[in-house]
1. Testing the spin-label approximation: label points 7 Å from Cα along Cα→Cβ at N228 and T134. State their distance in nm.
2. Counting other beta carbons within 10 Å of each Cβ, put D495, D196 in order, fewest first.
3. Pick out, from G471, T454, V535, the residue whose Cα sits farthest towards the positive end of the charge dipole of the range 404-555, with +1 on the Cβ of Lys and Arg and -1 on the Cβ of Asp and Glu.
4. Based on the mean of other beta carbon atoms within 10 Å per residue, what is the order of 488-494, 345-351, 471-477, 202-208, most packed first?
5. First check a/c for the range 313-463, with a ≥ b ≥ c the square roots of the eigenvalues of its C-alpha gyration tensor; if it is under 1.5, answer rounded, and if not, answer prolate when a/b is larger than b/c or oblate otherwise.
6. Modelled label-to-label distance, E551 and H469, 7 Å Cα→beta-carbon offset: nm?
7. Which residues in the range 264-286 have a backbone N closer than 17 Å to a point placed 7 Å from the Cα of N168 along the Cα-to-Cβ line?
8. Relative contact order (percent) for the chain, with alpha-carbon contacts under 8 angstrom and 6 or more residues of separation?
Amino acid sequence: MRHFSDYWDGRGTNADATLAPLGKETVVAPGQTSLLATVQGPAVLRQLQIDIKGDKQEALPVDWGVARDLLLRIYWDDSRRPSVDVPLGTLFGDMWCTPAFQSRFFGFSNGTFSCRFPMPFKGAARFEAVNSGTNSVVISTSGVLQSLAEWDRRMGYFHAVWRRSGPNDLGRAHQIVGAAGCGKYVGCVLAVMSLDRNWWLLEGNESIRRDGEAVPRWLGTGLEDYFNAGWYYRNNFVRPLHGLLYKVPFHTVQYRVHTDDAPTFRTAIEVQFERGPGQASHAWMESVGFYYLAEPASASSSPLTPENRERPVDPMSQVTIMTDLCNYERFGDYLGAKAFIDDYLRKNPDCPFAAILRLRQMAYVERTQGSEVAIPLYRRLLEVEQSPEARKFAELLLWFHEVPSHALLSVYCGNKTSVFLDRHEVGEVNNPQLFAVFPVTVSPGKHVLGLEATQRGQADWVQACLHTHQGNVMTEQDWQFSFSPDRAWREPEFDSHSWATTGDAVMEGPPVLPVYWTSPHPFVDMQAKPLAIWVSSDWPANESVAVFRKEFEVR
């Protein structure tokens with residue numbers, strides 16, 4: 001069972017052979033096209049892994065733009081044109097600062113890219129890299145290779161095509177794949193960024209035309225519906241065959257892989273996404289499409305110029321910094337989050353909350369290297385930093401580590417909310433842009449965490465996280481709720497069997513539109529990991545307050 005689980009979520013492979021070098025370590029200089037490896041067939045490449053380092057063999061920074069500077073080309077048999085011709089990172093799902101992740105068929109982390117689409121070939125496979133950047137890199141190419149006794153042409157050859165369209169392409173759909181031949185379409189990664197400050201881009205339908213159909217038999221109902229989600233998504237997530245890798249207003253990165261439901265074609269296929277309703281969204285759209293053909297063919301990508309591959313500028317980026325960081329934290333990519341802050345501060349040198357972001361980087365050090373490394377950093381910040389808010393936050397982090405009973409309780413909400421620990425009211429929050437944190441003491445034993453929230457009618461949601469030395473108690477789908485509170489609910493002995501649970505009453509985000517901004521803070525995971533919950537039944541006309549309740553125990 002463990003072997004199957006590892007295989008399905010991408011940690012394992014489905015071949016008996018182990019990962020082995022496909023070629024020698026290769027230095028690729030700026031402006032140079034270099035051969036990475038040549039492998040003789042007939043065989044199936046079950047896994048392709050590419051590791052990239054600087055020319056002095058040091059690990060590259062997580063945010064280094066090498067995945068955009070390098071092109072990856074794969075040639076099958078004696079074809080003179082590549083069947084895979086894409087910016088290197090896109091083959092592995094890396095689009096526009098995506099957090100590190102692993103799905104069943106592709107993923108990347110710490111400069112290592114993995115692709116597990118089966119890649120059969122009859123004669124030979126040739127791998128090349130083109131460096132259009134300004135730095136030399138060292139590339140190692142490894143794989144899991146399965147030899148074949150004979151070639152079976154029904155296997156097909158793997159192809160990948162990269163496409164990009166922009167806000168000036170109004171009236172035209174974004175094409176994922178347009179190919180001639182016999183084969184099957186197996187999925188894509190798609191990044192979109194609307195410049196219209198709304199989510200209407202996600203209302204664009206996908207269409208798949210096969211074999212010259214005048215009317216596509218595959219016609220979808222919305223972009224996020226195709227990627228097995230809806231209602232403009234909630235938080236980012238990774239599943240074996242589909243996922244939302246990134247979400248901030250109004251920018252998403254998503255993927256889907258077809259296995260048993262892969263559309264097949266005899267003569268041609270065209271896969272497109274509408275540019276929102278009426279093809280009217282001013283947006284950037286970038287994709288890599290995956291498909292197989294009976295014979296090797298040229299991948300017809302968009303022009304692969306350095307200018308065309310530059311990441312588009314997100315006009316919301318200055319106000320979505322906390323949402324950006326939550327994307328990384330949900331995947332446990334603290335190194336990526338730390339590097340994202342470096343990049344943010346480079347682009348915004350006059351940032352008024354830079355000291356808080358640097359303190360958050362120290363908190364990422366605590367996650368990756370432990371409190372014994374981070375605590376001296378917090379103390380050092382207090383010695384040199386003048387920002388009153390950054391100093392207050394650093395003092396809270398140090399206070400938390402003083403004794404095991406110290407805990408931090410956060411409240412983040414779209415409406416007026418009072419938070420209670422056992423019998424005592426800890427505080428009140430009434431600002432959806434404020435992430436509030438209170439120091440509390442939690443002794444061993446049973447406790448009750450509660451939220452009394454007033455209905456506002458728009459963006460009703462509450463989120464809380466109690467960070468203890470034993471772990472976090474967070475708002476989740478199993479929290480209970482009721483109306484007309486009295487003080488009895490605060491007691492551990494209170495009989496709450498008649499209370500409902502929030503169930504699927506989980507909100508998008510947060511923040512939930514029309515709110516974009518969250519006050520910066522250094523409390524890692526406390527905003528990213530809890531769910532934003534609300535009531536899962538009709539609100540009584542004569543009630544104004546709902547109570548959310550969670551019992552927990554500290555040992």
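None of the figures in this text is laboratory data; all of them are computed from the coordinates on show. As the structure is a prediction and not an experimental result, all values here were calculated from the model. Note that each Cβ is placed from the backbone with ideal geometry, even for glycine, and that neighbours are counted across all protein chains shown.
1. Once both label points are built, they end up 4.2 nm from each other.
2. Least to most surrounded, the residues fall as D495, D196.
3. G471
4. Working: 488-494: 13.6, 345-351: 11.4, 471-477: 17.3, 202-208: 21.3.
Taking the mean over residues of other Cβ atoms within 10 Å, the ranking is 202-208, 471-477, 488-494, 345-351.
5. Working: a/c = 1.92, a/b = 1.20, b/c = 1.59.
In terms of gyration-tensor shape, oblate.
6. It is 2.6 nm.
7. 281-286
8. Working: 1322 pairs, mean separation 74.8, N = 555.
Computed over the chain, the figure is 13 percent.
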